[in-house]
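Heads up, the thing below is written out as structure tokens.
A short reminder: the numbers here are calculations on the coordinates, not readings from a lab. Not measured: the values here are computed from a predicted model. So basically every Cβ, Gly included, is an ideal-geometry build from the backbone, and we count neighbours across all protein chains shown.
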2 protein chains.
Amino acid sequence: MAYTTQQKLIVSAVIEKSNRPLTPLDICEAAKVEFPLLGIATVYRSLKQFVGEGSVRLVEVPGAPPHYEHVSRPHHHFFLCKQCKQLFDLVGCVRGIDAMAPSGFQVDSHEIVLYGNCPDCLAA
Amino acid sequence: MAYTTQQKLIVSAVIEKSNRPLTPLDICEAAKVEFPLLGIATVYRSLKQFVGEGSVRLVEVPGAPPHYEHVSRPHHHFFLCKQCKQLFDLVGCVRGIDAMAPSGFQVDSHEIVLYGNCPDCLAA
DNA sequence: ATAGATGCAAAGAGTTTGCATAGGT
DNA sequence: ACCTATGCAAACTCTTTGCATCTAT
């Protein structure tokens, strides 16, 4: 059974409080503010546990490194700006996407990513 | 200006003849059949050149390592089987996907991936 | 002849793992 | 007391780079 440690509590809190998906390094650096000795290996181990328990979701966006977010964030997809490499949330979802699979395939989930330029980069 | 070498011709041919996206290692091993001395570094360097020239496309699917395919393959998306980790082509594309972006965002391209179980894995 | 390409090995980035120690139960 | 979690460093995977050599032009 998993223990409740200071490190995990802080890692969990960092993810839950964030309003955007974070990389393992983002999480480690944010958590180090409160727990300077925290090692990156502990962050990876905690993330693996949280994802397994279902409280944290892995966000994999082609063109960006792996990010993690709390599952309480609603189902959404992302826009990746090719210039500034920032991830933006998209609201809503396209219906009928799962129907793209040929018959015989069982679809559990889907991922959509839009690529382009964000308003700020377009202005520059 | 880039030279035309045996290595690049073979790497290019391997990608063009394949009916599915390949990883750099897939490509290296296939090319070694005709050119045993070929090094993995040359494959990576060739891929970078081809992608820059626009003859090869990088296929990034969350949950799978980077794959490459020839641009002559039509625009399509993928189905990734969670069990056997194999990539399947999807035919067609959902209209109106680019409209998911908020106003002010310029959308250049998009990526869609479906996840689930393929017929073979469902049968097992 | 010359500039670019190659193969090897070493270097990097990101992630995982082994092990002795610290810490939760 | 016991068993798990931690921190560090080493190991691992994938990709890139430095360098001497080779090759296409």
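What translational D, rounded to a whole number of µm²/s, comes out for chain B from Stokes-Einstein when the hydrodynamic radius is the Kirkwood one over Cα pairs, at 4 °C and 1.567 mPa s?
Working: Rh = 16.3 Å.
In µm²/s, the coefficient is 79.
Can you pull the Kirkwood radius for the stretch B:6-70, inverse mean 1/r over Cα pairs, to one decimal in Å? One decimal place: 11.6 Å for the Kirkwood radius. Shown for B:P36: label points 7 Å from Cα along the beta-carbon vector, and their distances to the equivalent points in the other copies, 5.9 nm in ascending order. With a Förster radius of 25 Å applied to the C-beta separation of B:K82 and A:A2, the computed FRET efficiency comes to 0.50. Across the identical copies, the label point of A:G52 (7 Å from Cα in the Cβ direction) is separated from its matches by 4.4 nm, in order from shortest.
Taking only Cα atoms and a 10 Å spring cutoff, compute GNM fluctuations for chain B and point out the largest among B:A31, B:A41, B:A13. Fluctuation is largest for B:A41.
Using Cα-Cα distances under 8 Å and only pairs 6 or more residues apart, what relative contact order does chain B have, in percent?
About 19 percent, as a whole number.
With axes computed from alpha carbons, what is the tilt in degrees of helix A:6-17 against the longest principal axis of chain A, rounded to the nearest 10 within 0 to 90? That works out to roughly 30 degrees. Compute the signed sum of charges (Lys and Arg +1, Asp and Glu -1) over the other residues within less than 10 Å, Cβ to Cβ, of B:E111. Net charge around B:E111: -2.
Using a 10 Å cut-off around each Cβ of peptide A:89-102, what is the average number of partner chain Cβ atoms that fall inside?
On the way: counts 1, 4, 3, 2, 1, 7, 2, 3, 5, 2, 3, 10, 7, 7.
So the per-residue partner count for this stretch is 4.
Is the shape of the protein assembly as shown best called rounded, prolate or oblate, per the rule: a/c under 1.5 gives rounded, else a/b larger than b/c gives prolate, else oblate, with a ≥ b ≥ c the square roots of the Cα gyration tensor eigenvalues?
Working: a/c = 1.58, a/b = 1.46, b/c = 1.08.
Prolate.
Structure remark: mean-square fluctuation, Gaussian network model of chain A, C-alpha springs under 10 Å; the largest value among A:V61, A:V107, A:V71 belongs to A:V107. Here the Karplus relation 6.51 cos²θ - 1.76 cosθ + 1.60, evaluated at θ = phi - 60°, turns the backbone of the stretch A:98-113 into coupling constants of 5, 6, 5, 6, x, 5, x, 9, 9, 9, 9, 7, 8, 9, 10, 9 Hz, with x for every Gly and Pro.
For the pair the stretch B:24-99 and the stretch A:53-94, the centres of their Cα atoms are 23 angstrom apart.
Over the stretch B:6-70, what relative contact order in percent results from Cα pairs under 8 Å that are six or more residues apart? It would help to have the intermediate numbers written out before the result.
Numbers: 71 pairs, mean separation 24.4, N = 65.
Relative contact order of the stretch B:6-70: 38 percent.
Against the compact-protein benchmark of 2.2 N^0.38 Å, the Cα-based radius of gyration of the stretch B:81-124 scales to 1.62.
For chain B, with a Gaussian network of springs between Cα atoms less than 10 Å apart, report the residue from B:S55, B:S109, B:S18 with the top mean-square fluctuation. Evaluated over chain B, the most mobile residue of the options is B:S109.
Compared with the dominant principal axis of the Cα atoms in chain B, helix B:40-53 is inclined by about 60°. Among the lysines of the protein assembly as shown, pairs that are 8 or more positions apart or on different chains and have alpha carbons within less than 23 Å of each other number 18.
Projecting 7 Å from Cα along the Cα-to-Cβ direction, the label point of A:A2 sits 4.7 nm from its equivalents in the other copies, listed shortest first. The helix-based estimate of mean residue ellipticity at 222 nm for chain B, built from -39,500 (n - 2.57) per DSSP H run of four or more residues and divided by its residue count, is -9500 deg cm²/dmol to the nearest 500.
Counting other C-beta atoms within 10 Å, and keeping those with at most 15, which DSSP coil trypsin sites (Lys or Arg not before Pro) do you find in the stretch A:1-95? Working shown, then result.
Numbers: sites: A:K8, A:K17, A:K32, A:R45, A:K48, A:R57, A:K82, A:K85, A:R95; in loops: A:K82, A:K85, A:R95.
Counting only loop positions with at most 15 other Cβ atoms within 10 Å, the trypsin sites (Lys or Arg not before Pro) in the stretch A:1-95 are A:K82, A:K85, A:R95.
Here is the list for the stretch A:1-41: GluC sites (Glu not before Pro) lying in DSSP coil, each with at most 13 other C-beta atoms within 10 angstrom of its C-beta, are A:E34.
How many Cβ atoms of partner chains, on average, are near each residue of A:80-86 if near means within 10 Å of its Cβ?
Values: counts 1, 2, 3, 0, 0, 0, 0.
Counting Cβ atoms of other protein chains within 10 Å of each residue's Cβ and averaging gives 1.
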